[in-house]
Amino acid sequence: MFRFLFLFLIITTTTLAQRADSLRNSGMNMDSVRYTNLKIRMSKTKFSRSLYRLLFRDVYNQGKKGEIKAIETNPFTQYEGMVIRKIVIKQLDVLGESVYDTTRKGKQLERFLSKTFHTNTRERIIRKSFLRFSEGDEIQASVLRDNERLLRRNGTITDARIIVIPRADVTWMADILVLIQDSWSWNISASPSKFNKFSLGLNNTNVNGTTHQQLTKIRYDAGDTIRKFQFRTIYTIPYIGKTFITGQANFIYERDQEIQSLVFSRSFLTTETKYAGSLEAGHAKLRQFKRNLDDLDEESRYQTGFYYYDIWLGRSFKFPFKNSSLSEKSRLVFAMRHNKYNYTRRPEVRADTNIIYWDRSATLMSFGYSNRSYKRDVLIYGFGRTEDVPVGNLLAVTVGQENTEFGQRGYAGVQYASGNYLPGSAGYLYGLLNVGSYFKNHSKQPGVISAQTNYISKLIPFRYSYFRQFLTVRYTRGLNRDPVDYINISRENGIRGINSDRLIGTKKFTLGLETVYFSEKSLLGFRIAYYVFADFGLVAQDRLHLWDTPVYQGYGLGLRLRNENLSINTLQLRFGYYPNIPGSSSSMRYAIEGNTPLRLRDFDIAAPSMVPYQ
């Protein structure tokens with residue numbers, strides 16, 4: 001409640017600049033006429049003028065036409081080889097300004113809020129930790145474009161743009177202008193209902209302008225017989241110095257989990273990154289709830305606790321055939337990983353019982369091929385921010401050995417993924433295939449086969465805005481799995497809007513359809529997207545044929561509200577109809593919730609790992 005009150009007090013005092021509208025092409029001229037006429041009609045009285053400023057942002061009358069053009073091309077190619085004389089960093093106000101229209105200025109109240117209640121990322125931090133080029137370097141088009149993407153990828157930055165300004169006096173030199181627009185760094189959440197039951201959260205995504213992120217949440221429920229007071233705090237340093245290493249400390253003390261962990265990680269951020277890896281160590285206590293696959297009415301409850309560490313290191317190599325068209329964006333990657341889990345609390349384990357709770361250590365290595373690039377797009381999972389769409393493919397083979405308290409066993413797995421825009425502007429298609437299994441003396445061992453396909457249509461014009469179609473198909477089959485190790489088709493794993501512990505089994509097939517209409521309107525500075533969805537799921541045990549089981553269904557509609565200048569999650573309102581969910585007392589459900597913005601899967605090869613069973 002306090003979260004929305006806090007946002008309401010800030011948002012109602014200003015109308016935020018909507019970058020998505022500035023990304024329209026010249027075909028949106030009718031919108032400009034429409035809003036101009038509306039503004040004229042509502043300018044006749046003081047009240048109507050105030051109402052217009054409250055509900056609408058004059059985005060169609062402010063930006064330059066064609067602010068983004070040919071965004072899929074690399075704009076830095078023409079400057080390749082020039083020497084960087086000077087780097088200038090310009091930080092835009094959180095409210096009112098845009099990296100794609102530097103002439104746009106926020107109103108006086110917007111400027112006041114930006115400077116009074118937000119601390120911009122320190123320029124020293126940007127230069128030291130976020131830029132992959134320096135003064136005196138030669139311009140490399142791929143480095144500048146990748147750097148733009150890395151800036152946008154950081155959660156503290158809404159959008160970023162790099163501009164090359166050639167020198168008029170020295171033709172072989174140029175200056176670099178880096179435009180940065182931060183996200184609103186403060187996010188307060190609260191839900192008081194009674195004095196003896198409440199929750200409160202504070203998330204600062206840019207502590208004192210350092211880009212450090214601190215999340216703290218507390219919850220108290222006097223009626224909870226397991227744990228009345230719950231607490232979590234997570235502190236994250238996006239990049240330590242110029243190493244591009246991310247550090248994170250977690251301390252979670254909640255009803256069903258206690259976790260203390262420390263993580264240092266570095267991914268293959270770009271194709272030029274030679275080394276990646278991570279080091280993680282911690283302790284966890286988890287309260288487990290498991291059902292019997294043969295009798296869903298039978299439930300087991302127990303606690304587990306374990307210490308663990310996990311370390312991996314990877315090295316990328318350039319594609320050996322330099323004259324190949326794949327050489328620039330292709331890399332060969334070799335990686336090794338070692339982890340260990342020691343349980344301090346668990347149910348009874350035997351050679352054929354509760355296998356997932358064995359004490360174990362594993363050593364894995366992988367060798368893979370990765371080819372990746374990015375195309376810039378808008379209105380996919382974002383509401384106007386620039387989105388970097390991965391294009392490419394990967395193939396990775398993983399082998400290794402696991403040592404357990406009941407002996408050794410080997411492991412082998414293969415992963416293949418591919419994604420690209422279809423010819424003729426037909427949309428974007430992504431596919432993923434995973435196959436992996438343990439093996440030991442010709443005995444039956446656990447394995448997984450999984451596949452996934454995602455299709456995203458092109459932006460389809462409709463009246464004064466656009467809509468997209470989304471399709472997701474998933475298939476997973478577990479082989480010789482532990483009875484307490486099963487998959488569920490609830491929520492993000494299949495049918496959204498439900499959380500049923502009876503939709504479980506060892507194999508599943510799910511189909512999700514969604515149509516999203518990105519409205520041209522805004523409400524109190526929030527962009528609006530309307531959506532309808534239909535989800536279908538099959539789940540079964542080994543002894544049953546998947547296609548002989550009921551088709552579980554979910555249908556619904558809703559809307560999403562998001563302001564890209566704020567660091568909070570997307571606000572989502574959803575109404576759903578679920579005609580045949582087992583154990584459900586009602587077929588109609590609704591929810592008002594925060595929804596974390598999704599990102600498209602990349603094609604960088606990460607740590608060697610077993611195929612996830614989900």
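For the stretch 274-293, the set of residues classified as part of a strand (DSSP E or B) and either farther than 30 Å from Thr236 by Cα or over 29 Å from the mean Cα position of the chain (by Cα) (or both) consists of Phe289, Lys290, Arg291, Asn292, listed by residue number. Condition check: out of contact with any strand residue (DSSP E or B) (no Cβ under 7 Å at 6 or more places or on another chain) and either surrounded by fewer than 20 Cβ atoms within 10 Å (Cβ to Cβ) or over 30 Å from Lys290 (Cα atoms) (or both). Does Gly384 satisfy that? No, not satisfied. Looking only at the stretch 240-265, residues that are part of a strand (DSSP E or B), of a type in the set (Phe, Trp, Tyr) and in contact with a Lys or Arg (Cβ under 9 Å, 6 or more places away or on another chain) come to 2 in all.
Screening Phe198, Phe231, Phe133 for residues that are of a type in the set (Phe, Trp, Tyr), surrounded by fewer than 18 Cβ atoms within 10 Å (Cβ to Cβ) and not in a strand (DSSP E or B) leaves exactly one candidate, Phe133.
Among residues of the stretch 221-242 being among the aromatic types (Phe, Trp, Tyr) and farther than 30 Å from Leu131 by Cβ, the one that is nearest to the chain's Cα centre (by Cα) is Phe231. In this structure, does Ala591 turn out to be surrounded by fewer than 19 Cβ atoms within 10 Å (Cβ to Cβ), at pLDDT 85 or above and either among the small types (Gly, Ala, Ser) or under 19 Å from Thr510 (Cβ atoms) (or both)? Yes: the conditions hold for Ala591. Flag not set for Arg474, criterion: surrounded by fewer than 17 Cβ atoms within 10 Å (Cβ to Cβ) and among the basic types (Lys, Arg). For the stretch 496-514, the candidate set comprises residues that are under 19 Å from the mean Cα position of the chain (by Cα) and modelled with pLDDT of 95 or more; within that set, the residue that is surrounded by the most Cβ atoms within 10 Å (Cβ to Cβ) is Gly512.
Restricting Leu293, Leu262, Leu215 to residues that are under 30 Å from Ser189 (Cβ atoms), in contact (Cβ under 8 Å) with a residue 12 or more places away in the chain and crowded, with 16+ Cβ neighbours inside 10 Å narrows the list to Leu215. Exactly one residue out of Ser142, Ser183 is of a type in the set (S, T, N, Q) and in contact with a strand residue (DSSP E or B) (Cβ under 7 Å, 6 or more places away or on another chain): that is Ser183. When restricted to residues that are without any contact (Cβ under 8 Å) to a residue 60 or more places away in the chain and within 19 Å of Ser450 (Cβ to Cβ), the stretch 504-541 contains 12.
Residues being under 26 Å from Thr216 (Cβ atoms), touching a residue at least 12 places away in the same chain (Cβ under 8 Å), touching a helix residue (DSSP H, G or I) at 6+ places or on another chain (Cβ under 7 Å) and surrounded by fewer than 17 Cβ atoms within 10 Å (Cβ to Cβ) are represented in the stretch 165-188 by at least one member. Test Leu151 against the stated conditions and say whether it is part of a strand (DSSP E or B), among the hydrophobic types (A, V, I, L, M, F, W, C) and touching a strand residue (DSSP E or B) at 6+ places or on another chain (Cβ under 9 Å). Criteria not met by Leu151. Looking across Ile176, Ile180, Ile188, Ile218, one residue alone is hydrophobic (A, V, I, L, M, F, W, C), over 28 Å from the mean Cα position of the chain (by Cα) and part of a strand (DSSP E or B). It is Ile176. For the stretch 234-259, a residue qualifies if it is of a type in the set (S, T, N, Q), out of contact with any helix residue (DSSP H, G or I) (no Cβ under 9 Å at 6 or more places or on another chain) and loosely packed, with under 15 Cβ neighbours inside 10 Å, and exactly one does: Gln257. Cβ-Cβ contacts under 7 Å between residues 6 or more apart (or on different chains), taken from a first residue in the stretch 143-160 that is more than 18 Å from Asn120 (Cα to Cα) to a second residue that is hydroxyl-bearing (Ser, Thr, Tyr), are listed as Asp146/Thr270; Arg149/Tyr374.
Of all residues in the stretch 324-370, exactly one satisfies the criterion of being at pLDDT below 95, polar (S, T, N, Q) and touching a Leu at 6+ places or on another chain (Cβ under 9 Å), namely Ser370.
The values are calculated or read from the model by the stated rules, or taken from the named source; none is laboratory data. Remember, predicted model here, so these are calculated numbers, not experimental data. Here the Cβ is made from the backbone with ideal geometry for all residues, glycine too, and neighbour counts use every protein chain on show.
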